[in-house]
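The block underneath contains the structure these notes are about, expressed in structure tokens.
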């Protein structure tokens with residue numbers, strides 16, 4: 001496999017564009033959102049690129065988490081395909097991007113240990129990484145003990161970061177420091193991988209990865225201040241001191257008590273009603289996050305315009321595929337609960353781009 005450039009990207013660019021064309025359009029998602037219930041929604045999805053992943057699903061399995069798990073199988077396959085086709089110098093970044101799901105699986109298992117869950121209890125919530133991940137998740141659950149479960153990760157890349165967090169866990173008996181440690185480690189590694197690339201690969205990776213990183217860091221800092229009332233020092237320790245448009249001084253300003261909307265509006269001048277949303281953060285913050293996700297979506301879509309010979313296309317496609325799963329998850333859960341339109345439509349991402 002070529003290391004990059006036109007020869008390295010010719011095949012994968014064509015393949016990714018073909019895969020990109022199979023993503024649902026805003027209009028298709030709007031039509032899906034108009035369906036009355038889950039059976040109708042699943043029936044329609046079987047006529048899309050998700051069809052083969054839903055064909056063995058029976059009526060008795062029409063539970064949101066089980067349907068979503070099947071849909072995630074398509075995303076898992078997309079990752080495997082894209083990583084295998086990508087130029088060698090970019091695979092490390094794409095592999096690290098996929099480790100987001102490994103981290104989420106780890107956190108789910110740690111929570112399962114604390115609630116005395118069995119591995120079978122968690123099967124419907126674990127992302128289907130298959131052979132991509134070799135973490136001993138089942139063995140961790142079977143220990144029934146957080147310390148012993150974490151010890152099983154001693155030969156993995158998570159060992160060092162968790163060993164520090166375990167000191168606080170031992171004192172507080174709370175998973176929060178472990179989960180934060182895993183999240184921060186993941187994003188530090190992803191940012192490091194993006195910065196190690198060269199030329200247009202680096203520019204595209206920093207823009208797309210940076211947009212994701214900024215969104216997560218901003219949501220963390222706002223939630224830590226508004227929901228958890230963490231001290232300024234703790235808030236800084238539990239967030240990232242770097243980003244693409246959200247920088248360390250912005251995080252420190254919010255931690256110190258500066259007006260949050262002023263920071264958000266400067267970083268995202270196109271967002272609407274930020275101050276009003278943050279007046280009632282428990283209902284407004286999720287809507288603000290949806291607006292920022294749409295900004296990330298636009299950053300990804302921009303990668304498909306112009307020169308196609310860079311990591312931006314495969315990277316953007318994978319992020320957009322994940323965001324599509326998020327839209328479908330909102331729809332499936334809403335239809336399962338027979339939720340009124342106005343309670344779920346504000347959280348749909350791609351349909352809003354059709355307006």
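The values are calculated or read from the model by the stated rules, or taken from the named source; none is laboratory data. This one's a predicted model, so the numbers in the text were calculated from it and none came from an experiment. All Cβ positions, even for glycine, are placed from backbone atoms using ideal geometry, and neighbour counts span all protein chains on display.
Computed values, structure above
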quantity: Test for residue 41: is it under 24 Å from residue 319 (Cβ atoms), in contact (Cβ under 8 Å) with a residue 40 or more places away in the chain, more than 19 Å from the chain's Cα centre (by Cα) and not assigned by TED's automatic domain parsing to the domain that holds residue 101; calculated: yes
quantity: The range 191-206, subset in a helix (DSSP H, G or I) and buried (at least 20 other Cβ atoms within 10 Å of the Cβ), residue farthest from the chain's Cα centre (by Cα); calculated: 201
quantity: One residue from 178, 153, 135 being touching a helix residue (DSSP H, G or I) at 6+ places or on another chain (Cβ under 8 Å), touching a residue at least 12 places away in the same chain (Cβ under 8 Å), outside the structural domain of residue 73 (by TED's automatic domain parsing) and assigned to a helix (DSSP H, G or I); calculated: 178
quantity: Contacts under 7 angstrom Cβ, first residue in the range 5-34 being on the phi > 0 side of the Ramachandran plot, partner surrounded by 17 or more Cβ atoms within 10 Å (Cβ to Cβ) and modelled with pLDDT under 95, 6 or more apart; calculated: 5/309
quantity: Scope the range 184-195; condition in contact (Cβ under 8 Å) with a residue 12 or more places away in the chain and either over 24 Å from residue 165 (Cα atoms) or in contact with a strand residue (DSSP E or B) (Cβ under 9 Å, 6 or more places away or on another chain) (or both); matching residues; calculated: 194
quantity: Qualifying residue in the range 93-106 (condition: within 20 Å of residue 17 (Cβ to Cβ), more than 17 Å from the chain's Cα centre (by Cα) and in contact (Cβ under 8 Å) with a residue 12 or more places away in the chain); calculated: no
